[in-house]
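J.: Quick one: this structure, given as structure tokens, is what I'll be asking you about.
The values are calculated or read from the model by the stated rules, or taken from the named source; none is laboratory data. Keep in mind the model is a prediction, meaning the values are calculated, not measured. Virtual Cβ from ideal backbone geometry, glycine too; neighbours counted across all protein chains shown. We work out accessible area using only protein heavy atoms, side chains counted, and drop any ligands, DNA or RNA first. Shrake-Rupley method; radii C 1.70, N 1.55, O 1.52, S 1.80 Å.
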Amino acid sequence: MEFYAEMKLAGDEYAGGFSCGLTMTGSKTIKGFTPISETPEKTQYQNERGIILTVHKKKDGAALRTWSTVHNGSQEEITLEMLASFVLTNVEADKIHRLQSFWSAEGKLRTETIEDLHLEKSWSGAGVRIEKFGNVGSMPVRKYFPFLALENTSTGKFLGIQLYCASSWQMEILCSESQQLTVTGGLADRDFGHWMKKLTPGEHFRSPEAVIAEGNSLYEICDKLVKAQHPQISPADEDMGIVFNEFCTTWGNPSLKNIQKICDKIAGKGIRYLVIDCGWYGGAKDWYRNIGDWEVNQETFPGGLKQAADYIRSKGMIPGLWFEAENVADQSKSYQNTAHLVKKDGLPLTVGQRRFWDMEDPWVTDYLDQKVIRTLKDCGFGYVKIDYNETMGMGCDGGDSLGESLYRKIAASQKFFQRIRQEIPNIVIENCSSGGHRLEPSMMELVSQASFSDAHEALSIPLIAANLHAVIRPDQSQIWAVIRANDSEERIYYSMISTFLGRMCLSGDICDLSEKQWQLIQEGIRFYQKAADIIKHGVTIQRTCSTESYNHPQGEQLVIRQWNSRRLIILHRFEHSHNIQPAFPSSAKIISEYGRADRDFSAKAWIYELPSASFLPSF
């Protein structure tokens, strides 16, 4: 494997080999560059026009962080059509691993061989074979995560890559003359993501970052990639505090009365945050039709939100509030404020019942400062859930191209996340986008937590939660445990134990549960608190999963996570499951157990301790 560079300028000839329209690599642009300097940290290339292309590399724990910059040292304006964040050449691999993602089904592993992808080189080496994939729009985790792993089955070696890009992105796997692969990726290019960027003489542009890791298993490289993420965790959120979110309790109809009732029920039960979700504002009957005005519903919250926030704090919890700050919905007044909305072809960009604030517009950020940040400050909220429930698609007006404008709008949204933290330094920020559509690293580094999915009560919750260990830190992955009054003991165990794969988030019929049901929840909370350090600091060393379907899971899932001398084992049984039991080392000392995995759709978890000589992860 060797590092290289890739870019394409408008006007330069494309590569041949029947590749035009499939890839922008190998063009006359890149062939015109020659290396002019090289250090361990960067390699610089220059062409005869004075344009300088630099590939940067920086060690980040057990991984390597890389990005590219272009400096226009010529005497004329240039237009970029493609700039890679990373290029790896001479990669030897015969299996490709990707993580697929749709709403409420995030992170399903997809493994294919080179033959499956039809990436065997041609008989003569002529013609380029290409697999290109990615996302177009402002929901970067849709169809695929910006993640790729390549496996060489003959050597047992793995190579993993994760892109830091919250707008349109792409990755490519190519071969032609040799069966060795070229792997590249970054911003979605002109062909794939409608991206072009103009640079005047003296200007420069920096690509999004990518992180690369090598190892001996998929678990190992994923752990290295995830541990290279550096999220801004709030000081209030360092110890895995439990969330109660009332969405699956009131279904978008919170009020002062029901919030007080919930508070009285959960106070003193080990819950850190109580989040008031959507529907606290006035206007349309349906909560999702009145996004954007953020006027408190005086019928349900007479006098405003402060009384509710104060009541939550009086019960020993931190109050949280939901916003969908960047979007507006069709029955709000803001929907008609077209001067400050994102446009495409000169008209407001409309998707379903949503339009989008132009986050580059100072009027918009000042407006949101008053509506979002001022509300949080004045009412004393210590937690904010920022949702995002549509995608802009290919792009919008306002930049050098549709894709370049989209990239700028999303960068401006990320600056607003930073603005919230600057104004309220200790606030806990939750990243949500219809569940998990924004679970990519550049967004995850701005927040303390993230909604793992909108799979609120689905049987697939443990599958999705385990998937996400590959791409985000489990201590940031907020997993729903929605408890219903008619839940059996097995169902309560199943739901509660799913949250041990990340951060616990409770909801449901919390005021109607029996004493026995509450006893099971309390036992689960105590187990979670014992497991918290393993979840936060540990390494996932094993996952065995036998199901293919998420709607009708069958078989079993076993996940093992290790930290220092302790291991956490999480077992879920699905339909037609086997009565399997984890194999404990003979020297293991069981510290705690929770659950009962004795039938289909049941679950159990264990914490055990190993002797000091057995601490190292066994991937």
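J.: HN-Hα J couplings of the range 55-71 from phi, Karplus 6.51/-1.76/1.60, θ = phi - 60°, integer Hz, Gly and Pro as x?
T.: Couplings: 9, 9, 9, 9, 5, 9, x, 8, 10, 10, 9, 9, 7, 10, 10, 10, 10 Hz.
J.: What are the residues whose amide H is under 5 Å from the amide H of residue 181, where those residues sit 5 or more places off or on another chain and H is modelled from the backbone?
T.: 90, 91, 92, 93
J.: Mind pulling the angle between the C-alpha long axis of helix 402-423 and the longest principal axis of the chain? Nearest 10 degrees, somewhere in 0 to 90.
T.: Approximately 40 degrees, to the nearest ten.
J.: Something else about it: With n ≥ 4 as the cut-off for DSSP H runs, can you work out [θ] at 222 nm for the chain, using -39500 (n - 2.57) per run divided by the number of residues, rounded to the nearest 500?
T.: My calculation for the chain gives -5500 deg cm²/dmol from helical runs alone.
J.: Give the angle, between 0 and 90 degrees and rounded to the nearest 10, that separates the Cα long axis of helix 515-537 from the longest principal axis of the Cα atoms of the chain.
T.: Roughly 30 degrees between the two axes.
J.: A further question follows. Work out how much length residue 239 to residue 600 would gain on full extension: take 0.36 nm times their residue separation and subtract the Cα-Cα distance, in nm to one decimal.
T.: The span from residue 239 to residue 600 would gain 126.6 nm if fully extended.
J.: With r as the distance between the Cβ atoms of residue 345 and residue 514 and R0 = 60 Å, compute the FRET efficiency 1/(1 + (r/R0)^6) and round to 0.05.
T.: 0.55
J.: If you keep only loop residues by DSSP, which GluC sites (Glu not before Pro) in the range 513-568 have at most 15 other Cβ atoms within 10 Å of their Cβ?
T.: Working: sites: 515, 523, 548, 556; in loops: 548.
Sites meeting the loop and neighbour criteria: 548.
J.: Leaving out ligands, DNA and RNA, what percent of the accessible area of the range 530-585 is carbon and sulfur, probe 1.4 Å? Could the numbers behind the result be given before it?
T.: Numbers: 1160 of 2520 Å².
Carbon and sulfur together cover 46 percent of it.
J.: Note down the net charge around residue 563, summing +1 for each Lys or Arg and -1 for each Asp or Glu among other residues with Cβ under 9 Å from its Cβ.
T.: +3
J.: Residues in the range 224-263 near a label at residue 289, defined as backbone nitrogen under 16 Å from the 7 Å Cα→Cβ point?
T.: What the label zone holds, given the 16 Å backbone N cut-off, is 252-253.
J.: While we're on this one: Under a Cβ-Cβ cut-off of 11 Å, what is the net charge of the residues other than residue 152 that fall near it, where Lys and Arg count +1 and Asp and Glu count -1?
T.: Values: positive: 95, 157; negative: 92, 94, 151, 214.
My count for the surroundings of residue 152 gives -2.
J.: Tell me which label goes with the value of mean projected area of the Cα convex hull in nm² computed from the coordinates here: (1) 39.3; (2) 33.0; (3) 28.7.
T.: (3)
J.: Let me ask something additional. Can you list the lysines whose alpha carbon is less than 17 Å from that of residue 344, not counting same-chain residues fewer than 8 positions off?
T.: Within the straight-line cut-off, residue 344 pairs with 409.
J.: Oh, and also: Between residue 2 and residue 546, how high is the FRET efficiency from 1/(1 + (r/R0)^6) when r is the Cβ-Cβ distance and R₀ = 35 Å? Nearest 0.05.
T.: 0.35
J.: Now for a different question. Residues with amide H under 5 Å of residue 328's amide H, sequence separation 5 or more or different chain, H placed in the peptide plane at 1.01 Å from N; which?
T.: 355, 356, 357
J.: Could you look at the range 271-316 and say what percent of its accessible area is carbon and sulfur, using a 1.4 Å probe and all protein chains?
T.: Values: 880 of 2000 Å².
Within the range 271-316, the accessible surface is 44 percent carbon and sulfur.
J.: Right, next: Tell me, rounded to the nearest percent, the portion of alpha carbon pairs in the range 567-609 spaced more than 11 Å apart.
T.: Roughly 64 percent, once rounded to a whole number.
J.: Residue by residue, what Karplus-based ³J(HN,Hα) values in Hz, rounded to whole numbers, does the range 552-568 have, using 6.51, -1.76 and 1.60 with θ = phi - 60° and x for Gly and Pro?
T.: 9, x, 10, x, 9, 9, 10, 10, 10, 10, 10, 9, 6, 8, 10, 10, 10
J.: For a protection proxy built on the mean count of beta-carbon atoms within 10 angstrom, sort 139-147, 126-134, 69-77 highest first, please.
T.: Put in order of decreasing packing, that is 139-147, 126-134, 69-77.
J.: Restricting attention to the range 294-392, which GluC sites (Glu not before Pro) occupy a DSSP loop and are surrounded by at most 14 other Cβ atoms within 10 Å? Please list the in-between numbers first.
T.: Details: sites: 295, 299, 324, 326, 360, 390; in loops: 295, 299, 324, 326, 360, 390.
Those satisfying the criteria are 295, 299.
J.: Using the structure shown, list the pairs from 157/227; 8/57; 257/306; 306/516; 59/157; 143/343 with a Cα-Cα distance above 23 Å, or answer none.
T.: 306/516; 143/343
J.: For the range 483-601, with every protein chain kept in place, what is the accessible area per residue (1.4 Å probe, Å²)?
T.: On the way: 5000 Å² over 119 residues.
Computed with neighbouring chains in place, this is 42 Å² per residue.
J.: Do any GluC sites (Glu not before Pro) in the range 187-227 lie in a loop, going by DSSP, with at most 14 other beta-carbon atoms within 10 Å of their beta carbon, and if so which?
T.: Those that pass, being in a loop and sparsely packed, are 203.
J.: Highest first, please rank the peptides 237-248, 573-584 by the mean number of other Cβ atoms sitting within 10 Å of their residues.
T.: Going by the mean number of other Cβ atoms within 10 Å, highest first, we get 237-248, 573-584.
J.: Can you tell me the orientation of helix 489-498 relative to the chain, as the angle in degrees between its alpha-carbon axis and the longest Cα principal axis, to the nearest 10?
T.: In the chain, helix 489-498 runs at an angle near 40 degrees to the longest axis.
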